[in-house]
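Read the structure below first, then the notes.
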């Protein structure tokens, strides 16, 4: 249908001196505000800067005028190239959508040897048939995964503890490799494992098939073992021993670790970070606990307020920056994701902070029983009896069925923060994302209520904090940030000419 | 408390406040967006008004300190912040109004290479909706025609 508009005179500028281009602004603190244009470029200035720009009281030719013009907050010409340039930048920022679903998570078993308080899904049982993915389901799931238009497919093998179902892993990997080769797709495989049951034979298999390892390390022994109980209370010892073994066979860069913050962790962020240094990791992801599954049921044991997490995060980030200053390269992954969005023209592939939301669009989860979910968190909700985000089943539904299901269409309606109340006005829109599954889980509403949302508060506070660090004038901090987003060491950044940093 | 701007008056009791605004200065849209931003600490009511003025009734959600909320917001502080935010939301509305067509064009152009659109969207910064080069995608109608509008003039 053709769109209709008012006549041309309705759109004429009231002030012909300059025309505004789309941007949003936000107070950073009592003194500064940040202005961010539609493609994520920013200007930080004293409170009142936005008002001066909007009311068209900027002096033509002033430094501020030139800055706003150069960063495309205003235009005083009629160049058609300008809109093309902005469109190119917008497309670059959203290039993560290209190819649609790239991350495919296979839950090969729910069985696990741990009984972590915050775990959403694991089962302690010897009954393989009840909770392992069977061969027919595996084959159907691989077929669906490979129907994705993405040229690059990431297959994440997850559980429970996936190594307990190593026969299923071998089957899925074999099918996926053959199909990827036939379809000329690039296939990357990651196994998310606690490593407790890893053997040399398994590691040699992972090496042969270029499978990377992502494991869990919650901190030093006392914290790790408190968070991740095993019958023998030796999770930390097994994990660290097997990280070393995995590195020997696979190589250091093929083994990564993730931590989850519980209330036990809150007062020990520096100890946790120091443990990562002791284990010679060069990145750490200070992650809050997910509000799903058993983490909700056991909130009294694991939960905490978002303010407590933000204090934990900021203290941790300061400690990490100090370690970098002292010569140890260590990146904080969440800050790195946000800084990439803030300081570069690019988006990231991080599915939990995207708009449109990653759910379904960038990630699909194939459960052991063949059910397909929009995200891993959606699967965790299902384990609590909430099937809102179950898109279908590999045995009954086609790819078209999954993406035309009511469940997916409801998600899609809430997937863009550009059209969510409060997000639509937010200066951090380009850096943040929409998470309908989180909103549904915590506020019983996929659209969510931003003023009382922990998701919103966490991201607002962390992004503001990063802007304060960026504008603090501390050149060493900026060099550390640039090292993170370029995936190089601080020494490499310091070798560059000063003008480059 | 923020300095009271023109077209503004308020009355405040211990836990409630009523603000009256000149509707010629503040848009209803900016008022409603501001109200939404405060719905974590305030109950907000915007009753229908017989004239062009806007009335906003605010009531604190939490009035007494508790272990969970040891320092509840005071109504004076809430009203002050509300008024500051109102000015910001009014400015945001102005930006949105002035840039809506350019924003729509740049997003359409950004995704036109994705193959979703059958043809490139027309328009340049000086002519964002293609007045000078009408096409089958965009059609201009006079004000009196069927009202299918994307922005208020």
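A few remarks follow.
Per-residue answers, yes or no, for (1) under 30 Å from residue A:144 (Cα atoms); (2) in the same structural domain as residue A:141 (by TED's automatic domain parsing); (3) surrounded by fewer than 20 Cβ atoms within 10 Å (Cβ to Cβ):
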{"site": "A:160", "(1), (2), (3)": "yes, yes, no"}
{"site": "A:184", "(1), (2), (3)": "yes, yes, yes"}
{"site": "A:203", "(1), (2), (3)": "yes, yes, no"}
{"site": "A:235", "(1), (2), (3)": "no, yes, no"}
{"site": "A:238", "(1), (2), (3)": "no, yes, yes"}
{"site": "A:242", "(1), (2), (3)": "no, yes, no"}
{"site": "A:257", "(1), (2), (3)": "yes, yes, no"}
{"site": "A:269", "(1), (2), (3)": "no, yes, no"}
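- Applying the condition of being more than 21 Å from the chain's Cα centre (by Cα) and part of a loop (DSSP other than H, G, I, E, B) to the range A:473-488 and asking which residue is surrounded by the most Cβ atoms within 10 Å (Cβ to Cβ) yields A:474.
- Residue match in the range B:69-85 (condition: out of contact with any helix residue (DSSP H, G or I) (no Cβ under 7 Å at 6 or more places or on another chain) and closer than 17 Å to residue A:23 by Cα): no
- Taking each residue of the range B:100-113 that is facing another protein chain (nearest Cβ under 7 Å) and touching a residue at least 24 places away in the same chain (Cβ under 8 Å) and looking for partners that are assigned to a helix (DSSP H, G or I) and surrounded by fewer than 21 Cβ atoms within 10 Å (Cβ to Cβ) with beta-carbon atoms closer than 8 Å, six or more apart or interchain, yields B:101/A:11.
- Of all residues in the range A:424-449, those satisfying the criterion of being within 14 Å of chain B (Cβ to nearest Cβ), in contact with a helix residue (DSSP H, G or I) (Cβ under 8 Å, 6 or more places away or on another chain) and not in a helix (DSSP H, G or I) are A:426, A:428, A:429, A:430, A:445, A:447, A:448, A:449.
- Among the residues making up the range A:307-339, those that are in a helix (DSSP H, G or I) and over 20 Å from residue A:457 (Cα atoms) are A:319, A:320, A:321, A:322, A:323, A:324, A:325.
- One residue from A:48, A:99 being within 14 Å of chain B (Cβ to nearest Cβ), surrounded by fewer than 21 Cβ atoms within 10 Å (Cβ to Cβ) and more than 30 Å from residue B:85 (Cα to Cα): A:99
- Condition check for residue A:377: under 25 Å from residue A:158 (Cα atoms), in contact with a helix residue (DSSP H, G or I) (Cβ under 7 Å, 6 or more places away or on another chain) and modelled with pLDDT of 95 or more: no
- Any chance residue A:66 is part of a helix (DSSP H, G or I), at pLDDT below 95 and more than 12 Å from chain B (Cβ to nearest Cβ): yes
- Complete set of residues in the range A:69-92 that are at the interface with chain B (Cβ under 9 Å from one of its Cβ atoms) and at pLDDT below 90: A:77, A:78, A:79, A:80, A:81, A:82, A:83, A:84
- Filtered residue count, the range A:16-31, keeping only those that are over 26 Å from the mean Cα position of the chain (by Cα), in contact (Cβ under 8 Å) with a residue 24 or more places away in the chain and either part of a strand (DSSP E or B) or within 12 Å of another protein chain (Cβ to nearest Cβ) (or both): 4
- Residues satisfying the stated conditions in the range A:75-88, i.e. surrounded by fewer than 20 Cβ atoms within 10 Å (Cβ to Cβ) and in contact with a helix residue (DSSP H, G or I) (Cβ under 8 Å, 6 or more places away or on another chain): A:75, A:76, A:84, A:88
- Number of the condition not met by residue B:65 [criteria: (1) at the interface with another protein chain (Cβ under 10 Å from one of its Cβ atoms); (2) modelled with pLDDT under 95]: (1)
- Residue match in the range A:349-372 (condition: over 30 Å from residue A:311 (Cα atoms), part of a helix (DSSP H, G or I) and not assigned by TED's automatic domain parsing to the domain that holds residue A:71): no
- Candidate set from the range A:398-423 (those that are assigned to a loop (DSSP other than H, G, I, E, B) and in contact with a helix residue (DSSP H, G or I) (Cβ under 9 Å, 6 or more places away or on another chain)); member that is farthest from residue B:90 (Cα to Cα): A:398
- Test set (1) more than 17 Å from the chain's Cα centre (by Cα); (2) over 24 Å from residue B:38 (Cβ atoms); (3) buried (at least 22 other Cβ atoms within 10 Å of the Cβ) - residue A:397 fails condition number: (3)
The values are calculated or read from the model by the stated rules, or taken from the named source; none is laboratory data. All values derive from a computational prediction rather than experimental measurement. Here the Cβ is made from the backbone with ideal geometry for all residues, glycine too, and neighbour counts use every protein chain on show.
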